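In what follows, a single structure is set out as structure tokens and then discussed.
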Amino acid sequence: MSPKADTTSYRGWGLLLVICSTVGFLATMVLTIDRIRLLSDPQVALVCDISPFVTCGPVMASQAGALFGFPNPLLGIAGFAIVGTTGAALLADARLARWYLAALEIGCLLAAVFLTWLQTQSLYVIGALCLWCMVVWAVTIPIVVITTAATLSAGAFGDGVRRFGRAIQSWRVPIIAIWYLAIVTAIALRFYREFALLWFGVAL
Amino acid sequence: MPKRPNPTTNSRQQARDRARLEAERLQRKRKTTQIIVVVVVALVAISIVASAILLGTSGRKDRVPTASTSVTVGGTSVPFDVDGSAFQVGKSDAKATLDLWVDYSCSHCQEFEAASNDVLAQKVGSGELKVRYHNLQFVTAYGAQAGSAAACVATYAPQQWWALNAALYANHSAESDGWKGAQFADFAQQLGVESQDALTCIGDQRYTSWISDNTSAAADAGVTGTPTLFLNGQQIDTVGGAQLAAKIDEAASQ
């Protein structure tokens, strides 16, 4: 790859990080603010309480909503701020050291694990979907895939995985699409009865 | 690029064009492969969901609890049966009929049940009141799971239904939100449910679909939250304990 191609692909990566992190940051802010509003007034009507199963109250109040003893969205606020800033630096043509790329990638992988755990909790334990949480899922997935492709192919973990990174790089769009499809399928399998009732008034 | 002797500007240009075309061709080919892969995955996903819906809806007509018996409530033997979306407890000629739209996973229902269980038992026992419990799920999966367990006990071990109903409310917590059939079966067994049929039914989560049906029946009845109370067909404010007793007495005396 010529140096010019490298810069353009990093700019694309940076732009994606900035856009997705901004959306994710706003969503986690709303989640945190709603959590505080819910604490000061348990009866408050939240924007995200759309239907009995698309609702955020039970999700936020659940045990899984505060895995480390404090509300999860606080992690998101910090995480999206870091990722968004990194994206802005890339847009400004910054050259990032290998250790930085490696740390960013490890953070992204941890985020992916945490995200998947939260999804299984939401679907199979709490049994409710939360709008802002789903916004966070939707933006975190492209961040993880694109960052993995970029950092691995930049050699953040050595030359051995560089080829693997290139493969992800050229398959990044299908990977994101399939990841989305898997989640939509899981939601459909779990909630098709509720959706049929809500949208079509049909009890399956 | 193969080396040529004395390449002219022209042939170098041609070679570069050829390489570019080849790269573009590969790029297009990869794009086509990727589109095919995504489409195939999408089709597989759609067929999985479609077959799950078909399997889930077939045979669900049979998964409706039934009961038509007598149970002891408040020291008296009273009729107990499953009628449509409701567990119905109390004498058929009771002057007051209380329709309760409730969800085992709703915290206000938990409070309501704790405050009103004694009153309801006493009024049902005296023959003054008939209660119709419409169990549905508005909040968490616990509502459907516990509702299915209650329906199993109503069908196979109706004598234990009254006690189980109260216990399922008291048992709801963030921890029990994750309970599945097996844990509910253990729970029922500890409460003294011995019927193997009932325990198997609970383990199979057999009547969760009935609870979803009740959730849609609630929409038809204009119920948007739980608990919702109808006394002799009229919706009343959610009151428990002594206040509820007074309302029941008033309705029964009319």
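Restricting attention to the range A:42-51, does a residue exist that is among the hydroxyl-bearing types (S, T, Y), outside any loop (DSSP other than H, G, I, E, B) and open to solvent by less than 20 Å² (accessible area, probe 1.4 Å)?
Start the filter on the range A:42-51 by keeping residues that are among the hydroxyl-bearing types (S, T, Y), which leaves A:51.
With outside any loop (DSSP other than H, G, I, E, B) added as a condition, the list becomes none.
Scanning the range A:42-51, I find no residue that is among the hydroxyl-bearing types (S, T, Y), outside any loop (DSSP other than H, G, I, E, B) and open to solvent by less than 20 Å² (accessible area, probe 1.4 Å), so the answer is no.
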Count of residues meeting criterion [open to solvent by 10 Å² or more (accessible area, probe 1.4 Å) and under 17 Å from B:W101 (Cβ atoms)] in the range B:140-154:
1
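Considering B:N214, B:N165, which residue is assigned by TED's automatic domain parsing to the domain that holds B:V119, part of a helix (DSSP H, G or I) and closer than 26 Å to B:S77 by Cβ? Talk me through it step by step, then tell me what you get.
On the way: B:N214 fails: closer than 26 Å to B:S77 by Cβ.
Residue meeting the stated conditions: B:N165.
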Assess whether A:L104 counts as being crowded, with 18+ Cβ neighbours inside 10 Å and either within 14 Å of chain B (Cβ to nearest Cβ) or within 16 Å of the chain's Cα centre (by Cα) (or both).
yes
Within the range A:178-194, can one find any residue that is away from every other protein chain (no Cβ under 14 Å), at pLDDT below 95 and more than 17 Å from B:A45 (Cβ to Cβ)?
no
Pair list, Cβ under 7 Å, 6 or more apart: the range B:106-127 residue of a type in the set (D, E, K, R), other residue open to solvent by less than 10 Å² (accessible area, probe 1.4 Å):
B:E113/B:Y169; B:K123/B:L129; B:K123/B:I248
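I'm checking my understanding of the structure. Among residues of the range B:212-228 that are free of Cβ contacts under 8 Å to residues at least 60 places away in the same chain and facing chain A (nearest Cβ under 8 Å), which one is surrounded by the fewest Cβ atoms within 10 Å (Cβ to Cβ)? Outline the logic, then answer.
From the range B:212-228, those free of Cβ contacts under 8 Å to residues at least 60 places away in the same chain are B:216, B:219-220, B:222, B:224; that's our starting set.
From what is left, the residues that are facing chain A (nearest Cβ under 8 Å) are B:216, B:219.
On the way: B:S216: 20, B:A219: 15.
Top of the filtered list is B:A219.
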A careful count of residues in the range B:174-188 that are at the interface with chain A (Cβ under 9 Å from one of its Cβ atoms) and part of a helix (DSSP H, G or I) gives 2
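Every residue, every condition in (1) among the small types (G, A, S); (2) open to solvent by 60 Å² or more (accessible area, probe 1.4 Å); (3) within 22 Å of A:L26 (Cβ to Cβ), yes or no:
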{"site": "A:Q119", "(1), (2), (3)": "no, no, yes"}
{"site": "A:V135", "(1), (2), (3)": "no, no, yes"}
{"site": "A:P142", "(1), (2), (3)": "no, no, yes"}
{"site": "A:R163", "(1), (2), (3)": "no, yes, no"}
{"site": "A:R172", "(1), (2), (3)": "no, yes, no"}
{"site": "A:L189", "(1), (2), (3)": "no, yes, no"}
{"site": "A:R193", "(1), (2), (3)": "no, no, no"}
{"site": "A:F200", "(1), (2), (3)": "no, yes, no"}
Hey, does the range B:23-34 have a residue that's assigned to a helix (DSSP H, G or I), within 14 Å of chain A (Cβ to nearest Cβ) and surrounded by 14 or more Cβ atoms within 10 Å (Cβ to Cβ)?
yes
Residues being closer than 18 Å to B:G222 by Cβ and either assigned to a strand (DSSP E or B) or open to solvent by less than 30 Å² (accessible area, probe 1.4 Å) (or both): count how many of those fall in the range B:81-108.
10
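Test B:V78 against the criterion of being surrounded by 16 or more Cβ atoms within 10 Å (Cβ to Cβ) and not in a helix (DSSP H, G or I), and give yes or no. Working first, answer last.
Values: surrounded by 16 or more Cβ atoms within 10 Å (Cβ to Cβ): yes; not in a helix (DSSP H, G or I): yes.
In short, yes.
Okay, residues lined up against (1) within 16 Å of the chain's Cα centre (by Cα); (2) at negative phi; (3) not β-branched (V, I, T):
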{"position": "A:L118", "(1), (2), (3)": "yes, yes, yes"}
{"position": "A:S122", "(1), (2), (3)": "yes, yes, yes"}
{"position": "A:T140", "(1), (2), (3)": "yes, yes, no"}
{"position": "A:I146", "(1), (2), (3)": "yes, yes, no"}
{"position": "A:G158", "(1), (2), (3)": "no, no, yes"}
{"position": "A:I168", "(1), (2), (3)": "no, yes, no"}
{"position": "A:R172", "(1), (2), (3)": "yes, yes, yes"}
{"position": "A:W179", "(1), (2), (3)": "yes, yes, yes"}
{"position": "A:L198", "(1), (2), (3)": "no, yes, yes"}
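The values are calculated or read from the model by the stated rules, or taken from the named source; none is laboratory data. Keep in mind the model is a prediction, meaning the values are calculated, not measured. Glycine gets a Cβ as well: all are built from the backbone with ideal geometry, and neighbour counts include every protein chain shown. Side chains included, ligands, DNA and RNA excluded: accessible areas come from the protein's heavy atoms. Shrake-Rupley method; radii C 1.70, N 1.55, O 1.52, S 1.80 Å.
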